[in-house]
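Here's the structure, in structure tokens; my notes come after.
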Amino acid sequence: MGIVTSFTVGNKVIDLPAREGSVGPSVVDISKLYAQAGMFTYDPGFTSTASCDSKITYIDGDEGILLYRGYPIEQLAEHGDFLETAYLLLYGELPTSQQKDDFVYRVTRHTMVHDQMSRFFQGFRRDAHPMAVMVAAVGALSAFYHDSTDISDEHQRMVASIRMIAKIPTLAAMAFKYSIGQPFIYPKNDLDYTSNFLRMCYAVPCEEYYINPVLSRALDRIFILHADHEQNASTATVRLAGSSGANPFACIAAGIACLWGPAHGGANEAALEMLAEIGTPDRIPQFIARAKDKNDPFRLMGFGHRVYKNYDPRAKIMQRTTHEVLNELGIKDDPLLDVALELERIALHDEYFIEKKLYPNIDFYSGITLKAMGFPTDMFTVLFALARTTGWIAQWKEMIEDPSQKIGRPRQLYTGAPRRDYLPLAQRR
Ligand code: CMC
């Protein structure tokens with residue numbers, strides 16, 4: 001640790017030390033700044049602020065690199081599966097064959113949810129957004145599984161982690177089934193994680209359901225791509241909620257709430273709605289013009305990223321997966337796909353998008369793929385939440401086990417009224 005910068009406040013010289021990570025930019029440690037200088041730093045949106053140490057995920061946004069525990073996302077998506085990725089994120093290493101069997105067994109044995117949860121669902125309107133249902137249902141897990149909410153107990157933390165990863169597909173499928181008025185389908189534990197989820201979504205009690213291995217593999221890959229993404233808004237939310245000692249189910253519910261927003265996980269839903277609104281390729285120029293107009297709040301959904309100022313590596317894999325799914329389903333002339341491909345082509349050649357480094361992000365393609373698989377748009381963010389639960393849990397666990405962990409408590413630059421005296425009602429104008 002060396003001193004990177006010094007500055008003077010009055011007569012006092014303040015030294016700020018640097019800390020280096022294993023790869024990527026180092027940080028200036030300002031944790032003692034207020035005590036030494038009586039000043040805070042100011043960084044709304046955390047564009048230059050590292051909020052924690054983490055060994056889980058590394059992103060180089062300029063180069064378009066994404067690593068989980070050091071492994072490139074391309075290799076994990078090509079050769080691995082989702083539960084193996086979950087193990088990697090949670091424990092730091094790829095599992096041996098025995099460790100994998102054991103992990104899969106433990107997750108699989110926790111896929112059912114308490115039977116009273118099904119009654120909990122009945123309280124919602126059928127047209128409720130499934131993300132609203134998910135925030136509530138996941139938060140409610142803490143009311144059902146008291147024996148894994150003591151965060152100071154390592155065993156309980158482990159059980160809560162496995163439960164969250166195992167039950168989130170069951171809850172997501174229940175939210176889907178409830179919204180379409182079909183009976184819930186119980187998990188079937190001889191199926192793999194993603195096939196089981198597909199079955200819980202699409203099977204009905206009156207007939208057999210056959211898993212399409214191409215679709216199952218594609219969805220599994222989508223889950224891998226969405227499993228973690230460093231300190232994004234929802235992960236930071238999970239960590240902040242967890243920093244107060246809240247139980248993991250409540251923390252994941254907070255993460256789901258944050259993910260719902262259109263600037264974050266809701267973008268794939270928004271991207272698809274935008275493609276439908278554009279409708280035909282000839283209308284693209286007017287939407288591009290709107291996106292460039294400073295006086296118009298419209299943005300091209302599915303373009304741009306806070307961190308990637310290059311092609312999002314997940315978007316490249318997703319683009320391939322999209323074509324695999326469409327081929328498998330024999331979808332050749334989808335008007336949305338025509339609009340999407342033409343929009344991608346135009347935006348990649350447009351000066352505005354090139355100069356601002358706005359590339360299609362993963363959400364641009366995932367919406368098209370999930371729609372082709374039969375998911376309604378309001379389920380897209382639910383699927384994102386399902387996959388990201390693994391990352392949230394790994395980040396939550398890392399935070400709880402970090403001895404330097406403190407409650408997260410940002411400060412502010414106060415710009416409101418200075419002290420003033422209360423006026424009785426009769427004296428106010
Ligand atoms: N369409 C048109 N202009 C854009 C867009 C867009 N999608 N995204 C950014 N810009 C412009 C923006 O107007 C600004 O221009 P100027 O410098 O002239 O003011 C410049 O690019 C930088 O934008 P910013 O808002 O400062 O960048 P940010 O890092 O705060 O925002 C973002 C990142 C993802 C919120 C933003 O690009 C966006 O709103 N994109 C559309 C929503 C979307 O696709 N979100 C999914 C993100 S990926 C999934 C995830 O990780 O959750």
Between the residues 65, 148, 44, the Cα farthest towards the positive end of the dipole of the chain, that dipole coming from +1 and -1 charges on the beta-carbon of Lys, Arg, Asp and Glu, is from 44
Quick note, the range 284-412: a/c under 1.5 would make it rounded; otherwise a/b > b/c is prolate and the rest oblate (a ≥ b ≥ c, C-alpha gyration tensor); here it is oblate
With unit charges on the beta carbon (Lys/Arg positive, Asp/Glu negative), name the residue among 159, 213, 128 whose Cα is farthest towards the positive pole of the charge dipole of the range 104-217. 128
Amide H neighbours of residue 65 at under 5 Å, excluding residues fewer than 5 places away on the same chain, with H built from the backbone geometry, are 60
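State, as an integer percentage, the relative contact order of the range 112-215 based on alpha-carbon contacts under 8 Å between residues 6 or more apart. Don't skip to the answer; put the middle values down first.
Numbers: 85 pairs, mean separation 25.5, N = 104.
Over the range 112-215, the number comes to 25 percent.
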What is the dipole size for the chain, taken about its Cα centre, with +1 at each Lys and Arg Cβ and -1 at each Asp and Glu Cβ, in debye to the nearest 20? 1680
What do you get for Rg/Rh of the range 109-242 when both radii come from the Cα atoms and Rh is the Kirkwood radius? 0.97
Along the range 97-106, what does the Karplus equation 6.51 cos²θ - 1.76 cosθ + 1.60 (θ = phi - 60°) give for ³J(HN,Hα), rounded to whole Hz, x for Gly and Pro? 4, 5, 5, 5, 4, 5, 5, 4, 4, 5
Rg/Rh (Cα only; Kirkwood hydrodynamic radius) as it applies to the chain: 1.00
Dipole moment magnitude, nearest 20 debye, the range 285-429 about Cα centre, only Lys, Arg, Asp, Glu C-beta charged: 1180
Quick one: which of 55/309; 55/316; 167/371; 12/32; 292/316; 55/357 span more than 19 angstrom between C-alpha atoms? 55/309; 55/316; 167/371; 292/316; 55/357
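So, with +1 on the Cβ of K and R and -1 on the Cβ of D and E, and no other charges, what is the size of the charge dipole of the range 237-353 about its Cα centre, to the nearest 20 debye?
About 640 debye.
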Most mobile of 376, 285, 44 in a GNM of the chain (Cα contacts under 10 Å): 44
With all protein chains modelled, accessible area of residue 59 [1.4 Å, Å²]: 20
CD proxy at 222 nm, helix term only [per DSSP H run n ≥ 4: -39500 (n - 2.57); per residue of the chain; nearest 500]: -16000 deg cm²/dmol
Provide the solvent-accessible area of residue 8, counting protein heavy atoms only and rolling a 1.4 Å probe, rounded to the nearest 10 Å². 90
Calc'd 3J(HN,Hα), the range 415-424, phi into Karplus 6.51 cos²θ - 1.76 cosθ + 1.60 (θ = phi - 60°), Hz, glycine/Pro = x, comes to 10, x, 5, x, 3, 8, 8, 4, 10, x
With the 8 Å Cα cutoff and a minimum separation of six or more residues, the chain has a relative contact order in percent of 20
What net charge is computed for the residues neighbouring residue 244, neighbours being all others with C-beta under 13 Å from the C-beta of residue 244, Lys and Arg scored +1, Asp and Glu -1? +3
Radius, Kirkwood style, for the range 170-282 when every pair of distinct Cα atoms is counted (Å): 16.6
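Would you mind counting up the charge near residue 227? Only other residues with Cβ under 13 Å from its Cβ, with Lys and Arg at +1 and Asp and Glu at -1.
Numbers: positive: 69, 221, 314, 388; negative: 81, 84, 220, 228, 230.
It works out to a net charge of -1.
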For the range 359-429, what is the convex hull (Cα atoms) projected area averaged across all directions, in square nanometres? 12.1
Summed residue charge, Cβ within 14 Å of residue 97's Cβ, Lys/Arg positive, Asp/Glu negative: -4
Which shape class, rounded, prolate or oblate, goes with the range 1-140 when its Cα gyration tensor gives a ≥ b ≥ c as root eigenvalues, a/c under 1.5 marks rounded, and past that a/b bigger than b/c marks prolate? oblate
Please work out the C-alpha center-to-center distance from the range 6-78 to the range 146-197 and express it in whole Å. 34
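If you stretched the chain out fully between residue 62 and residue 417, how much longer would it get, using 0.36 nm times the residue separation minus the C-alpha to C-alpha distance?
Between residue 62 and residue 417, full extension yields 123.6 nm more.
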Provide the solvent-accessible area of residue 40, counting protein heavy atoms only and rolling a 1.4 Å probe, rounded to the nearest 10 Å². 80
Going by Cα centres, the range 366-385 and the range 228-293 are how many Å apart? 13
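The values are calculated or read from the model by the stated rules, or taken from the named source; none is laboratory data. These figures come from a predicted structure and were not determined experimentally. Counting neighbours? That spans all protein chains shown, and the Cβs are built from the backbone with ideal geometry, glycine included. Heavy atoms of the whole protein, side chains included, go into the accessibility calculation; ligands, DNA and RNA do not. Shrake-Rupley method; radii C 1.70, N 1.55, O 1.52, S 1.80 Å.
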